[in-house]
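Following: one structure in structure tokens, then a few remarks.
The values are calculated or read from the model by the stated rules, or taken from the named source; none is laboratory data. Here the structure is a predicted model, which means the values were calculated and not measured. Counting neighbours? That spans all protein chains shown, and the Cβs are built from the backbone with ideal geometry, glycine included.
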Amino acid sequence: MAKLTLHLISLTFLGPTSAMRRAILRLAWMLCSYSFVLVSLVLAVYLDRVDAAPARLLGGYILAGGLTFYALLRSGWAHRHNSPTMACPQVLFSIGAVLLAYATIPFSRTLALQWLCLILVFDMHRLQTAQIWACTALALAGLFGIVGYEQLTHTTGVNRVGEWINMGMTAITLPVLVTVSGLARRLRRQNERQRLEMAEALSQMQMLAIHDGLTRTLTRRHMQQLLDEEVSRQKRTRRVFCVAMLDLDWFKQVNDRLGHAVGDAVLIDFAAQVQSALDKGHAVARWGGEEFLILMPETSLPEAITALQRIRLAVHKHDWQRHAGNFRLTFSAGVSQHTVDDKPERILAMADGALYTAKSTGRDRTCAAPTSPEPEAVST
């Protein structure tokens, strides 16, 4: 019940979408800093350090701005106008608050300049470079305008030399701060880009480590690991599995007559046909030059034979003549079912023996390795 209540409150005040909630929470953090300003103003008025009128003016400006931004964000208006976070308007609003405080509350001028630096640094990563410099120029123009106006009107209580020194230091500090922060932002982006590139390169290396570079099937080493894992799993679950060894018929003649480039293209096409015809959860690896091994978890011998028949049909239907005129590809296969406590070497040897039988009895067929010593041809 409590979670449901919190969820309803979140939907009510923060909005239905994650982007809207992030933008409103960001505004809430900004308003927290303004709350500190408002509390400080109340305390300063109470201690007679600040007149009540300018304090009320600044407080009203902050409250009105905060409510306006919340309404624009929560209503979806900002999102509809391609400004989901309203970052630049919020920065301009904050600069306006600083200028208002600087013009109306002399007691707060040092704090206002520090506040201005914090605003630009805090929101810099949300703005474009042109927006950052525009906001910096606007802030400096506003500060110089206020001081210049006070000098022209001979406003009492103003230290002219001190104010111009402060303006000179601000005019130097803000651009330097923006430049340094911009460099830091570019370095952060560069580091992030490099991190992504390294992650992508690592992912590619991992893929290449377990996939054959030509056929994109698994490598022999990785298939051996999968086979060992399946044997261990079979000891726990007692669920049968099969392996099938496939060899392309007369492939040496393909390389000799048509060249190795055509032979590579044939291997790629054959691997694609096998992978597209495999059941979900089955894995195929390039075991040797033109030899492939298929691992069929939780598959009985009849189911494995059916899967191989489906692969054979796909290979027969495929258009191989695009590699060479009147070219036809076939394969022979030997399949064996793993039994409890068998070692991986034995099931591979049984599949290899069944493949030899398929080769020696005419090719383009599948032979299963039964419990009896002699494999039996089951399909052609």
**Prompt:** Does any residue of segment 341-353 turn out to be exposed (fewer than 14 other Cβ atoms within 10 Å of the Cβ) and in contact with a helix residue (DSSP H, G or I) (Cβ under 8 Å, 6 or more places away or on another chain)?
**Reply:** yes
**Prompt:** So which residues in segment 67-77 are under 21 Å from F36 (Cβ atoms) and either free of Cβ contacts under 8 Å to residues at least 40 places away in the same chain or not assigned by TED's automatic domain parsing to the domain that holds L25 (or both)?
**Reply:** L67, T68
**Prompt:** Does at least one position in segment 95-116 carry a residue that is farther than 20 Å from L57 by Cα and either buried (at least 16 other Cβ atoms within 10 Å of the Cβ) or touching a strand residue (DSSP E or B) at 6+ places or on another chain (Cβ under 6 Å) (or both)?
**Reply:** no
**Item:** Segments classed as helices (runs of 4 or more DSSP H), wholly inside segment 78-173, with at least 3 members that are modelled with pLDDT under 80, of a type outside the set (D, E) and in the same structural domain as A44 (by TED's automatic domain parsing)
**Value:** 109-123
**Message:** Considering only residues that are exposed (fewer than 15 other Cβ atoms within 10 Å of the Cβ) and acidic (D, E), which ones fall in segment 226-261?
**Reply:** D228, E229, D256
**segment 48-77, subset assigned to a helix (DSSP H, G or I) and among the charged types (D, E, K, R), residue farthest from L27 (Cα to Cα)** = R56
**Message:** Residue under question is A209, and the condition is that it be at pLDDT below 85 and not assigned by TED's automatic domain parsing to the domain that holds G334; does it hold?
**Reply:** yes
**Scan of segment 170-216 for residues that are of a type in the set (G, A, S) and more than 30 Å from V266 (Cβ to Cβ), ordered by number** = A171, S181, G182, A184, A199, A201
**Prompt:** Any idea which of (1) over 26 Å from L43 (Cβ atoms); (2) buried (at least 17 other Cβ atoms within 10 Å of the Cβ); (3) free of Cβ contacts under 8 Å to residues at least 40 places away in the same chain is the one A171 doesn't satisfy?
**Reply:** (2)
